[in-house]
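To start, the structure itself, in structure tokens.
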Amino acid sequence: MSKLGNLGARLHRGEISYDFVGKRKIWYGVSILITITAIVGLAVRGLNMGIEFKGGAVFTTPTHMSTSVAKAEEYAQDAAGHEAVVQKLGNGSLRIQIAGIDTDKSDQIKQKLAKDLSLDPNKLAADLVGPSWGEQIANKAWEGLGIFMVLVVIYLAIAFEWRMAIAALVALIHDITITTGIYALVGFEVTPGTVIGLLTILGYSLYDTVVVFDSLKEQTKDITKQTRFTYSDIANQSINGTLVRSINTTVVALLPVAGLLFIGGGFLGAGTLNDISLSLFVGLAAGAYSSIFIATPLVADLKEREPQMKALRKRVLAKRAQAAADEELAENRPVASDEPDDAAAAVVGPRNQPASRNRGRGRPSGKRR
């Protein structure tokens, strides 16, 4: 068995463990700090919304263009009077994206751009996106996200309990906030692919959370009938028991996404992959973190407020205190000596000679005359 597999087996059996729940205030503090940073990034820089949300025009040139990307950006900005984004596609054509322009001026911009690029205007494909259509797409995205959240809460409340549903909802909001904050700080464009990526990572995050919750639900059956573990103890055991599984699942999912982000979007220059790959990469990492460090400790916090769990915790701590006191008393108890007592050695008669030996000495045996 590999070292990681051996570690996972020992964690599952409870031979070793890390106190995730006991250190939950540290994780809460780290999450709050990251969340505040993400919110500040959103407030200061904002999201770089794509053309699908702001409206504008997308022009695609024929294949094997000799014009450089920088030169094409300069031509596009001169023709439209707005900032343009130019990407070189795999077949050698250029994708020129100009957001925030009036669609009535698209023909004029197309003619000027075709002239600068030395192209026939009929060979310059144009796709127009109106601002109303982009706003509709944004509203649909928010509606889909809201429906997803509501369904998640209802399902978890039925399958588990409402405390687990609340904890999972907090973890999902945590993941969305961090991912959108990273988008604002990095400046990547937000497209429908980004929204798809967000919904995808929410599914991954929810999967990891449900795995831990399922283990916790099984181990806390009839928990009040014993006095060995508190609810927090069992919650910590559930995290440790599924820790290696969560790590393996996350790493396996992150590897192909990292290939899309760093190799496809970075080295190969396929910028169209950045919108979905960044949301997947950040969201998967944040989802694994929230499942371990946020959702389950939060459930333990909520459950420990129940009167039954408070009483159980009191009994468990009292029993542990009594066991510690008994152990300390046993360690301090004097060891009995095996040597004979002086009082027992002081008997009548000479030393090492029984007193009964002097009885009847000097008297003849037989009947006296």
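The values are calculated or read from the model by the stated rules, or taken from the named source; none is laboratory data. Predicted model only: the values in this text are computed from it and were never measured. Quick reminder, even Gly has a Cβ in these numbers, built from the backbone with ideal geometry, and neighbours come from all protein chains shown. Side chains included, ligands, DNA and RNA excluded: accessible areas come from the protein's heavy atoms. Shrake-Rupley method; radii C 1.70, N 1.55, O 1.52, S 1.80 Å.
In the stretch 80-136, what percent of the accessible surface is made up of carbon and sulfur (1.4 Å probe, ligands and nucleic acids excluded)?
Details: 1490 of 3360 Å².
Carbon-and-sulfur percentage of accessible area, whole number: 44.
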Inset, instruction - With 23 Å as the limit, write out which pairs from Lys23/Lys225; Lys71/Lys115; Lys25/Lys225; Lys88/Lys140; Lys25/Lys221; Lys23/Lys217 have Cα-Cα distances beyond it, or answer none. - result: Lys23/Lys225; Lys25/Lys225; Lys88/Lys140; Lys25/Lys221
Inset, instruction - Could you compute the FRET efficiency for Ser17 and Arg333, with r as their C-beta to C-beta distance and R0 at 25 Å, rounded to 0.05? - result: 0.20
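What's the extension gain from Ile32 to Val150 if we count 0.36 nm per residue and subtract their Cα-Cα distance? Before the final figure, lay out the partial values.
Details: separation 118, 0.36 × 118 = 42.48 nm, distance 2.37 nm.
Roughly 40.1 nm would be gained on extension.
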Legend entry - Surface per residue (accessible, 1.4 Å probe) for the stretch 160-200, Å²: 34 Å²
Inset, instruction - Taking 7 Å along the Cα-to-C-beta vector as the label spot, tell me the Asp78-Leu255 distance in nanometres, rounded to one decimal. - result: 5.0 nm
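Going by average Cβ density within 10 Å per residue, which order do the peptides 293-303, 35-45 take, highest to lowest? Display every interim value, and only then the final one.
Details: 293-303: 23.5, 35-45: 14.5.
The densest-packed peptide leads the list: 293-303, 35-45.
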Inset, instruction - Would you please give the FRET efficiency between Ala311 and Leu169, computed as 1/(1 + (r/R0)^6) with r the Cβ-Cβ distance and R0 = 22 Å, to the nearest 0.05? - result: 0.20
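Between Gln108 and Arg45, how high is the FRET efficiency from 1/(1 + (r/R0)^6) when r is the Cβ-Cβ distance and R₀ = 51 Å? Nearest 0.05. Kindly include the intermediate steps, with their values, before the conclusion.
Working: r = 32 Å, r/R0 = 0.63.
With R0 = 51 Å, the Cβ-Cβ based efficiency is 0.95.
What accessible area per residue, rounded to a whole number of Å², is obtained for the stretch 23-121 using a probe radius of 1.4 Å? The partial results should precede the final answer.
Values: 5470 Å² over 99 residues.
Here the per-residue accessible area is 55 Å².
Given the peptides 304-317, 239-252, arrange them by the average over their residues of other C-beta atoms within 10 Å, most packed first. Working shown, then result.
Working: 304-317: 13.6, 239-252: 18.0.
Sorting 304-317, 239-252 by mean packing, highest first, produces 239-252, 304-317.
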Inset, instruction - Take the alpha carbon gyration tensor of the stretch 93-222, find the square roots of its eigenvalues, order them as a ≥ b ≥ c, and report rounded if a/c is under 1.5; if not, report prolate when a/b exceeds b/c, else oblate. - result: prolate
